[in-house]
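Here's the structure we're looking at; comments come further down.
The values are calculated or read from the model by the stated rules, or taken from the named source; none is laboratory data. Everything numeric in this text was worked out from a predicted model, so none of it was measured. Cβ: placed from backbone, ideal geometry, glycine included. Neighbour counts: every protein chain shown.
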Amino acid sequence: MLSYAGDRIFTGYVGGSGNEFPAQVKAGGGAVFIAGRTISNNYPVTLNQLYRGGGDQYLTIIRSCPGGYVTNTDSLSPAMQTVCLNGLGEIITGTDIRIPGDSLPAIYRNGVLTRQSTIPATYQWQLSFDEQTWSDIPGAIFRDYTPTQVSTSRYFRRAAFNLVYCGSSFIHYSDTAFVDINNLLAPEVDAGDGFISCPGFPVRLGGQPTASGGNPPYVTYQWDLGLSAEANPLAAANANTLYTVIVTDSAGCRQLDQALLTVARADAGPDKGACAGNATVIGSPVLPGISGLQYSWSPVTGLNNTNSPQPLANPITETDYILSLSVPASSGLTCMSVDTVRVTPVAAPLQTNFAGPDKVACLGSTTTLGLSPEAGFNYVWSPGSYLTGNTSSTTQYFAGKIVMPEP
């Protein structure tokens, strides 16, 4: 199935467990029509009648862009709120605009009911100063929206659209929400930046200071993800993590900022085989954006470089290589991360042409690819299109039996 731009957006198999005999395929009106005969007792149908056997007739309609979005409850909440100058407002929530799965035709396979999935809409938030002229808010494409750095009173609404591969056609505008700005100035918040650590190694977040301006003293520092409610809390993560802090001053004015904690983890790479005496690359590329990283490998036997992120390894016997990564963490600290990779010498396959000879297959027929497996090797076919499987030494190729219509 192709998009309006001609890009492939969906491929799949239509049918049951038996043979299908499609007679004609037509495309038009935003759908694909397939007519033919089936001897499968579990061919997907929308009319739950008993399988008659011996060649039931079918008409299958595949429509990827149906209508029927529910829009009658699209109200924003809160409808009105007051925010400090350059402050943070309350989140404006909207309802989900979607085509409910239970409103689409039910599919039966051998009498067993299967409901189709709900189809969501996409969103774009807009703002206006007079409810007449509206402009899109860059990046505001989620169901809900939180006003930030609001300097003047304004209106907000949300536009809903069909999915991108359906042309992003307009569906509906929500009602409006009004944000009124008072004369109190919100605080400025600095969560800090450039934080670096190792997995589980704690560092302090926040700026110097984290909050300024507004109406001190600052009543609360509300960090997410379980951090303590202070200006500069300790954070320890096992992966790159974005933290958010909301500061509230004595007048109730709020503002937020975010800090990214980059976690540098040693990655020795997947276990490798050194085939037929040829060296193999271990490790992984240098972590981007972090200076001062130091790599150290052990043991040294069979390595061409013990301080490279990706050395060549060619051991005589099975060897576990340990990578120690020294990381210059934030606040002048240093932390360490360790990982291990196993390299196993492997003899080359005895069969050099293990994919087998070239084949020619007629439309509607199958043919076998590959040769018998050899112990100690894994097999992967690529690409996997039209194959019954792609992780065994032999597989069946089937190109299908439907002659596609002219576009």
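Taken together, L369, L325 contain a single residue that is farther than 15 Å from A268 by Cβ and outside the structural domain of T38 (by TED's automatic domain parsing), which is L369.
Does G87 satisfy being crowded, with 17+ Cβ neighbours inside 10 Å, modelled with pLDDT of 95 or more and outside the structural domain of Y218 (by TED's automatic domain parsing)? So G87 passes the test.
Name the single residue, out of those in segment 269-291 being polar (S, T, N, Q) and modelled with pLDDT under 95, that is surrounded by the most Cβ atoms within 10 Å (Cβ to Cβ).
Going through segment 269-291, the residues polar (S, T, N, Q) turn out to be 278, 280, 284, 291.
This time we only want the ones that are modelled with pLDDT under 95, so: 278, 291.
Details: N278: 12, S291: 7.
If we take residues in segment 269-291 being polar (S, T, N, Q) and modelled with pLDDT under 95, then N278 is surrounded by the most Cβ atoms within 10 Å (Cβ to Cβ).
The residue that is surrounded by the fewest Cβ atoms within 10 Å (Cβ to Cβ), counting only those in segment 152-170 that are among the aliphatic types (A, V, I, L, M) and modelled with pLDDT of 95 or more, is A159. Inside segment 206-255, residues that are in a strand (DSSP E or B) and under 26 Å from the mean Cα position of the chain (by Cα) make up a count of 7.
Scanning segment 108-118 for residues that are farther than 17 Å from A160 by Cβ, in contact with a strand residue (DSSP E or B) (Cβ under 9 Å, 6 or more places away or on another chain) and polar (S, T, N, Q) turns up at least one hit. With respect to the conditions (1) in a strand (DSSP E or B); (2) surrounded by 13 or more Cβ atoms within 10 Å (Cβ to Cβ), A266 lacks only one, and its number is (1).
Restrict the check to segment 341-348 and report whether at least one residue is of a type in the set (S, T, N, Q) and within 30 Å of L293 (Cβ to Cβ). Yes, the conditions are met somewhere in segment 341-348. What is the number of the single condition among (1) of a type outside the set (A, V, I, L, M); (2) assigned to a strand (DSSP E or B); (3) closer than 20 Å to G200 by Cβ that W297 does not meet? Every condition holds for W297 apart from (3).
Could you tell me which residue of segment 217-263 is nearest to L205 (Cα to Cα), considering only residues that are acidic (D, E) and surrounded by 18 or more Cβ atoms within 10 Å (Cβ to Cβ)?
Step one: of segment 217-263, the residues acidic (D, E) are 224, 230, 249, 257.
Keeping just the survivors that are surrounded by 18 or more Cβ atoms within 10 Å (Cβ to Cβ) gives 249, 257.
Working: D249: 20, D257: 12 Å.
Checking each candidate, the answer is D257.
Among residues of segment 79-102 that are touching a residue at least 12 places away in the same chain (Cβ under 8 Å), those with a beta-carbon under 6 Å from a residue that is among the acidic types (D, E) at least six positions away or on a different chain give the pairs Q81/E90; T82/D180; I91/D144; T93/D144; T95/D74. In segment 311-327, the residues that are crowded, with 19+ Cβ neighbours inside 10 Å form Cβ pairs under 7 Å with partners that are charged (D, E, K, R) and part of a strand (DSSP E or B), at six or more places apart or across chains, as follows: L323/D339.
Y58 meets each of the listed conditions (1) of a type outside the set (A, V, I, L, M); (2) outside any loop (DSSP other than H, G, I, E, B); (3) within 30 Å of the chain's Cα centre (by Cα) apart from (3).
Across segment 330-388, which residue is modelled with the highest pLDDT among those that are in a loop (DSSP other than H, G, I, E, B) and of a type in the set (D, E)? Walk me through how you get there before you give the answer.
Here is the first cut: in segment 330-388, the ones in a loop (DSSP other than H, G, I, E, B) are 333, 347-365, 370-386, 388.
Now narrow it down to the ones that are of a type in the set (D, E): 358, 374.
Working: D358: 93, E374: 89.
The residue in question is D358.
Beta carbons closer than 6 Å, at least 6 apart along the sequence or on distinct chains, pair a first residue in segment 266-280 that is in contact (Cβ under 8 Å) with a residue 60 or more places away in the chain with a second that is outside any loop (DSSP other than H, G, I, E, B) and of a type in the set (K, R) for D271/R342; T280/K272. Regarding A160, is this residue of a type in the set (G, A, S) and either in a helix (DSSP H, G or I) or touching a residue at least 40 places away in the same chain (Cβ under 8 Å) (or both)? Taking the combined requirement at face value, the residue satisfies it.
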